[in-house]
1. What are the residues in region 116-135 that are in contact (Cβ under 8 Å) with a residue 60 or more places away in the chain and either in contact with a His (Cβ under 8 Å, 6 or more places away or on another chain) or farther than 19 Å from VAL66 by Cβ (or both), if any?
2. Return the total of residues in region 22-59 being surrounded by 12 or more Cβ atoms within 10 Å (Cβ to Cβ) and under 24 Å from ALA111 (Cα atoms).
3. Filter region 4-51 for residues that are assigned to a helix (DSSP H, G or I) and touching an Asp or Glu at 6+ places or on another chain (Cβ under 9 Å) and give the result.
4. Find all pairs meeting these conditions: Cβ atoms under 6 angstrom apart; at least six residues apart or on different chains; first residue within region 75-97 and touching a residue at least 12 places away in the same chain (Cβ under 8 Å) and surrounded by fewer than 20 Cβ atoms within 10 Å (Cβ to Cβ); second residue part of a strand (DSSP E or B) and of a type in the set (Lys, Arg).
5. Select from region 9-20 the residues that are crowded, with 16+ Cβ neighbours inside 10 Å and farther than 18 Å from ASN81 by Cβ and list them in ascending order.
6. Residue check, ALA111 against (1) surrounded by 13 or more Cβ atoms within 10 Å (Cβ to Cβ); (2) over 27 Å from HIS131 (Cα atoms); (3) among the aliphatic types (A, V, I, L, M); (4) at pLDDT 95 or above, all met but one. Which one?
Amino acid sequence: MDEITTERLRLRPLTSSEADVDWWVRLHADPEVNRFVGSYTRETAVARLEGIESQWATRGHGLCAVELRATGEAVGRCGLNWWEQFDETEAGWTFARAHWGHGYATEAARAVVDRGFAGLGLERITAMIHHGNSGSVAVAERLGFTRSREDVLHERPVTVFALDRATHAAG
C-alpha cells in the first residue's frame, strides 16, 4: 500500500526503523493512550513493528504512522491489521493524547477503510474496541460500523464492530 493522503493527514507504512521504534515507544508511554492498547519497550516495539512490516509484505496492508500534512508531525497510528485467530481484518487507530478531539482518528480511519474496500477488495472490516473506550466507539459509529459480537483480545474483553462492503458503499 502506498501512502494515503487526506485533507489534513499523511499515512505512511510503519517500519522497524530506529525512528519509528522510538516514536512507537513514546506514543504508547502515555498512560491515557496505553490503557487500551498497552505500552512497549524498545524490544517489544521492534518485534511489533517487524510484524507490521511482514504483514505489509504478505497481505498488502498494515499499520501506518499518521502525520500532519502541514508539519510532518506524527500524531498517531492507523491502519488495517490481520488477526489470524479471528480470520478478520481490523481497522485500528491510536492517537497521542494531545491530538484527541480534532477528528484525526475519524479522518484517518475513513481513508483506511476506503482503501480496504476499494483498493484491497475486502468484503468486511472489523474494529475491536476494548470495553470503556468510548472515544473509539464514537469513531467506529461515525464510520458506519455496528456492534457485531463480544470477544477477547490479548486476554481482555472487546466489543467487535463490523462494517461490510455493501453497507459502506451505500453510506
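The values are calculated or read from the model by the stated rules, or taken from the named source; none is laboratory data. Everything numeric here is computed off the predicted structure, so don't read it as measured data. Please note: Cβ atoms are built from the backbone with ideal geometry, for glycine as well, and neighbour counts cover all protein chains shown.
1. LEU120, HIS130, GLY132
2. So the count comes out to 18.
3. Result: ARG42, ALA45, LEU49.
4. So the pair list comes out as THR94/ARG77.
5. Across region 9-20, the qualifying residues are LEU9, ARG10.
6. With respect to (1) surrounded by 13 or more Cβ atoms within 10 Å (Cβ to Cβ); (2) over 27 Å from HIS131 (Cα atoms); (3) among the aliphatic types (A, V, I, L, M); (4) at pLDDT 95 or above, ALA111 is out only on (2).
Table: residues versus (1) closer than 18 Å to GLY79 by Cβ; (2) polar (S, T, N, Q); (3) in contact with a Ser or Thr (Cβ under 6 Å, 6 or more places away or on another chain); (4) modelled with pLDDT of 95 or more.
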{"position": "GLY116", "(1), (2), (3), (4)": "yes, no, no, yes"}
{"position": "SER136", "(1), (2), (3), (4)": "yes, yes, no, yes"}
{"position": "GLU141", "(1), (2), (3), (4)": "no, no, no, yes"}
{"position": "THR146", "(1), (2), (3), (4)": "no, yes, no, yes"}
{"position": "ARG149", "(1), (2), (3), (4)": "no, no, no, yes"}
{"position": "GLU155", "(1), (2), (3), (4)": "no, no, no, no"}
{"position": "ALA162", "(1), (2), (3), (4)": "yes, no, yes, yes"}
{"position": "ALA166", "(1), (2), (3), (4)": "no, no, no, no"}
{"position": "GLY171", "(1), (2), (3), (4)": "no, no, no, no"}
